[in-house]
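Here the structure comes first, spelled out in structure tokens, and everything after it is commentary.
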Amino acid sequence: MEKDLIVIGGGPGGYVAAIRAAQLGAKVVLIDEDKLGGTCLNRGCIPTKAFFKNAQVINTINSAEEFGISTGDFSFDMKMVQERKEDIVERLRGGIQQLLKANGVECVQGRGRLIDSRSVEVVSSLGNKETLDAKNILIATGSLPTMLPIPGMELPKVMTSNEVLELDRIPKSMVIIGGGVVGIEFAGIFHSFGTEVTVLEYLPHILPTMDEEIVRRLTMLLKRRGIKIETSIEVKEVCRRGEEGLVVKALGKKGEAELLGETVLVSAGRTINIDGLNLYETGIKYDRKGIIVDEKFRTSLPSVYAIGDVIGGQMLAHVASEEGIAAVENMLGHDAGINYDDVPSCVFSFPEIAAVGLTEQEAKKRNIPYLVSKFPFGANGKALTMGESDGLVKVIGEKDTGKIIGAHILGPHASDLIHEAALAVENGLTANDIGKTVHAHPTLGEAFLEAALGIDNKAIHLAPPKVK
């Protein structure tokens, strides 16, 4: 029986799209060659956050005396850490399988290859082939870690995020090439595990897409914790030096440098996963950034759509999910789109970063007159009781209207707090709208309230601005 939709890829873009299409009455088949959940569930977001929690617990134990608690020595079992991580992943993967089944989505394991605009050949792990037909096809094959084109990438203990999540012991030292989100998250995690960490970033500062002020503050805090960070430095080669381990040769502001590490983690971005899809032969246009789509997520081949990391853009799991929903709604006769300015992003560092909307730099580029208000967690009662008072909430408001156009949080539970700001940005809420919403006390959310009120100089727990 011909299906309404074939989805190639079972990650957070593909499986969500498949479920939404089924909800709209479509007959759907989902093809995935690996494990359901894609990179996010199996080798990315979820395993990393499992490690992050382990690191949080260690940090809490190490600061226990601040709360009047003596813990003494404690042990750390990496085998149990891995077992816990795998248990979480398997439970979530099983949940996805049940959701797909409950929605009537047929799942086929194998590698999908486009034949034309309505047909996909599936090759199983045993080499068996079958052809599936559908009215529409959705490509959601995601991305892969990028390996740098420099000597030494093939050496043992030079790894990507895939391999580092499988470590069975904690390395004494680690050099991380790349100061983006992945690199900074692993830097914090392994530093908490007891690893000596050095981060190398080619650009002038880490986390280049984030608000510059927030990044400067985070960099200072990471260095204070003992994480070494070198920016404006170019890696030239990785080589082995006897029993000392790996040596990363680089060229930085101070000239040539050699950095020693037991392991090297390459976190230099991600590359679109298009190998074997037969894009060129079927006439689907793409470039090195990704498959080219229009505002409806249609490719250059009629009835073939693409979403998620494979089209470039913001390579985030929740973006892939939203694009998947929008794509199937469009192909099934609805009208859907995404406001990319309202996509929250999070960095699970210590402390966390979360952001939504415009940075100051972006507001300037768009010639938007703006106001900035900041509220420190050091003045928030809940943060002080938690012993996590580093950081601040920074709100950017449109000068003429008071609309909140951006928010940037550095501090405890930033990834949870950002959603109120996302709601404000998406719905054009003003600082006054936030001020009229009662916030419970004592909570971390009060920091966002005070920062928003500061746009109109109405913050209660901030000193009034000095009159020049």
Notebook entry, point to check: Pick from the range 103-131 the residues that are under 28 Å from the mean Cα position of the chain (by Cα) and among the aliphatic types (A, V, I, L, M): which of them is surrounded by the most Cβ atoms within 10 Å (Cβ to Cβ)?
Noted result: VAL105
Notebook entry, point to check: What single numbered condition from (1) in contact (Cβ under 8 Å) with a residue 60 or more places away in the chain; (2) of a type in the set (Asp, Glu); (3) assigned to a helix (DSSP H, G or I) fails to hold for ASP133?
Noted result: (3)
Note to self: I need the full set of residues from the range 373-408 which are hydrophobic (A, V, I, L, M, F, W, C) and in contact with a strand residue (DSSP E or B) (Cβ under 6 Å, 6 or more places away or on another chain), in order please.
What the structure shows: PHE375, PHE377, LEU392, VAL393, VAL395, ILE396, ILE404, ILE405, ALA407
Check: From the list PHE67, PHE51, which residue is under 23 Å from the mean Cα position of the chain (by Cα) and either among the aromatic types (Phe, Trp, Tyr) or modelled with pLDDT of 95 or more (or both)?
Finding: PHE51
Note to self: I need the full set of residues from the range 34-76 which are under 27 Å from GLY94 (Cα atoms), outside any helix (DSSP H, G or I) and open to solvent by 10 Å² or more (accessible area, probe 1.4 Å), in order please.
What the structure shows: ASP34, LYS35, LEU36, GLY44
Check: Before we move on, is PRO204 more than 20 Å from PHE52 (Cβ to Cβ), open to solvent by 70 Å² or more (accessible area, probe 1.4 Å), touching a residue at least 24 places away in the same chain (Cβ under 8 Å) and not in a strand (DSSP E or B)?
Finding: yes
Notebook entry, point to check: For the range 343-395, which residues satisfy the criterion of being open to solvent by less than 20 Å² (accessible area, probe 1.4 Å), of a type in the set (A, V, I, L, M, F, W, C) and either on the phi > 0 side of the Ramachandran plot or not in a loop (DSSP other than H, G, I, E, B) (or both)?
Noted result: VAL347, ILE353, ALA354, ALA355, VAL356, ALA363, PHE375, PHE377, ALA383, LEU392, VAL393, VAL395
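Here is a yes/no grid of residues against (1) within 20 Å of ILE6 (Cα to Cα); (2) open to solvent by 20 Å² or more (accessible area, probe 1.4 Å); (3) not acidic (Asp, Glu):
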{"site": "GLY269", "(1), (2), (3)": "no, yes, yes"}
{"site": "ASN273", "(1), (2), (3)": "yes, yes, yes"}
{"site": "GLY276", "(1), (2), (3)": "yes, yes, yes"}
{"site": "LYS285", "(1), (2), (3)": "yes, yes, yes"}
{"site": "ILE291", "(1), (2), (3)": "yes, no, yes"}
{"site": "LEU301", "(1), (2), (3)": "yes, yes, yes"}
{"site": "ILE307", "(1), (2), (3)": "yes, no, yes"}
{"site": "GLY313", "(1), (2), (3)": "no, yes, yes"}
{"site": "ALA320", "(1), (2), (3)": "yes, no, yes"}
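The values are calculated or read from the model by the stated rules, or taken from the named source; none is laboratory data. As the structure is a prediction and not an experimental result, all values here were calculated from the model. Ideal geometry is used to build each Cβ from the backbone, glycine not excepted, and the neighbour counts take in all protein chains shown. Surface areas here come from the heavy atoms of the whole protein model, side chains and all, with no ligands, DNA or RNA. Shrake-Rupley method; radii C 1.70, N 1.55, O 1.52, S 1.80 Å.
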